Amino acid sequence: MGYPDDKKQRQDPYPDQNGGSSSSNYNNNGSSFQEYYQHEDEKRTSSGVYGDLPRTSTSTLLIGGAPSPPALPSRQPSIAQHQNGRAGVQHSVSNPNTSLGSHGSVSRRPLLVPIQDDFKEVYRDLTQIYKRKIKPLETTYNFEGFHSAPLTDSDIVAKPMVLLLGQYSTGKTTFIKHLIESDYPGSHIGVEPTTDRFVAVMGGNESRVIPGNAAAVSSDLPFRGLDRFGQAFLSRFQVSQCQAPLLQNMTLIDTPGILAGNKQRIERGYDFTKTIEWFAERSDLILLFFDSHKLDISDEFKSSIFALKGQEEKVRVILNKSDMVDQQQLMRVYGALMWSLGKVIQTPEVMRVYLGSFWLHKPLNVFEDCRALLDKEQADLLNDLRDLPRNAAIRKVNEIVKRARLARVHAYIIGHLRKEMPAVFGKKSKQRELINDLQGEFLKVQQVYSVPAGDFPNVAAFRTTLEAYKFENFAKISQPILSVAEEALSVDLPKIMRRFPSNNPLLELSQKNPFLGPPETFNALNTNQREDIPPGYWHFSSVDKSSALPIFLSLNPIEGKVNGSTARPYLMETGLSVEILARIWTLADWTSDGYLSEDEFAVALHLIRAVQSGGESVLPVSLPHTMLP
């Protein structure tokens, strides 16, 4: 979905001052590195492979930064060759003339690596805990009538869900196509309100559309609770399945464009706000879309944002089409958007706003003065999406804990109201009295059971729902059921949380380098560089992050970093000596914390390639500042 520049020509990346190729740009065979690169690129393009790595879809890996030239010719097997065939990792190498972005002369880099599911046992155990210890509490005290239906197995093991909200023509559907790099069944784009239904875009073996009624009764899909909104909604809901690597990791929910002006008076036939609330509760990320010419928040949009109350940590804002205004106007538009959000989102924290421009076909009248900023913002947003599947299991546990706490408080309230009812006479009058003084009854429950005030539901909404019930039919407090649920909260769920990786600890000096020798080992580094290493090699733009990132992800980084004990076995496979690897680690770990980030790891592999091509004498005393991202 990029915009290739057909006029772009391959140039000698390292010309000398006289305009020709410098003498240092020749390899041992007498041919220039430029010629070598061109010859190798032609072979790789014609054969469909890059080195020994198979080409994959451009939706398999998130990569940022400038275009990366091919690696230096190596006398030893390359890093990618060592990694080729490692289980659970797909390698993707994009064309050297591409980079992240959605603007004219730059085509998009791959987005996401399919993530190996390391938490199947966690999902299985979480499902069993819910079914055996929490669900009985919900069914006994009619939790479904006041809050939501019991969770199914498909709800718990469902892929992370991303909900897209915004007024019509702000780019929601285009954003989905930008991510999956293809159309999905039933998609349509236009300046008018074109998406007239809720569409769940999911992965599948073939492209097909599942109508709403069929999706709502399917045990394999996490949408069985939608039948509560009736036929009017289900006729406006569908599941669109297509083959896209990104959809192996998540589900994208496209929503109808929120109406503004007179259009918002049109009756949809179903409760739009309640539907948004249902999806928001089950979503792992909520994206609010604005564009640079549509900053107003209509009444319907405002009510939809209010429906997100309690889900604020999931919400991100995207100011789309940011390249349709110049730099000065963009600053004013951003300020106006923040002011508008502050009027409807009542939180003390500043909401994260991403600037972006996700075009399928770039208009001719875009402004390029903020292109570098937009590329960085889009890279941050895609990083958010990339991390989403890795955090999904923890989010599931968090949602189950929230639900269990709410079910416990609900049981206390229902049991208390049942206890206050008379045995024979005056039931109706007593029920009316309890409903009218519901706030006081909540206070009694809080004092008797030591429940935090923040765990109680909204009084007005709860009072409205109570009108449909007879209190004498409510279940009495059952200590065995409550004790089992309490055990799940205090014992079982904390055990599951302990199975997740912990944060990266601070390391002692002796632990920061897995190849560490005495400090003097690093004082005698040879500063002479071999002449057959071109000067441009010592720039971060030449680092081949496309082949380094799959390797980095295969090492299961924690908080975006890998430690020495994790990286050491792989680096030893390069065949370099421990002394040389110690030097490389010291150079690459420019933060000196004993861990390698994504960029630091890529630089380490870049230095290894240099040693493999030119010998250990090419390593500098300290990392050149040009090697920093």
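Odds and ends about this structure:
- Peptides 562-569, 422-429, 278-285 ordered by average Cβ neighbours within 10 Å, highest first: 278-285, 562-569, 422-429
- Hydrodynamic radius of region 393-501 per Kirkwood, over alpha carbon pairs, in Å: 15.4
- Each 5 Å bin, from zero up to the one with the longest distance, holds this percent of the alpha carbon pairs of region 160-392: 1, 6, 14, 19, 21, 18, 12, 6, 2, 1, 0.
- Sorted on the mean count of surrounding Cβ atoms within 10 Å across their residues, most packed first, peptides 288-298, 537-547 read 537-547, 288-298.
- Annotation note: GluC sites (Glu not before Pro) in region 338-427 located in DSSP loop regions with a Cβ neighbour count of at most 10 within 10 Å are GLU349.
- Three-way shape label, region 320-406, alpha-carbon gyration tensor, a/c 1.5: oblate
- Residue ranges 142-151, 400-409 sort as 400-409, 142-151 when ordered by packing (mean number of other C-beta atoms within 10 Å per residue, highest first).
- Restricting the calculation to Cα atoms, region 225-319 shows an Rg/Rh of 0.96 when the hydrodynamic-style radius is the Kirkwood one.
- With N the number of residues in region 262-362, Rg(Cα) / (2.2 N^0.38 Å) evaluates to 1.15.
- Nearby lysines by direct alpha-carbon distance to LYS135 (threshold 18 angstrom, same-chain neighbours under 8 apart not counted): LYS396, LYS402, LYS476
- Using the Cβ-Cβ distance between SER219 and SER617 with R0 = 45 Å, the FRET efficiency computed as 1/(1 + (r/R0)^6) comes to roughly 0.10.
- For the pair ASP387 and ALA475 in one chain, pulling the backbone fully straight at 0.36 nm per residue adds 27.4 nm over the alpha carbon distance.
- Electrostatic bookkeeping for GLU349 treats Lys and Arg as +1 and Asp and Glu as -1; over the other residues with beta carbon under 12 Å from its beta carbon, the sum is -1.
Read-outs throughout are calculated quantities, based only on the coordinates presented, and are distinct from any laboratory measurement. Since the model is a prediction, treat every value here as computed from it, not as a measurement. Note that we place each Cβ from the backbone using ideal geometry, even for glycine, and neighbour counts take in every protein chain shown.
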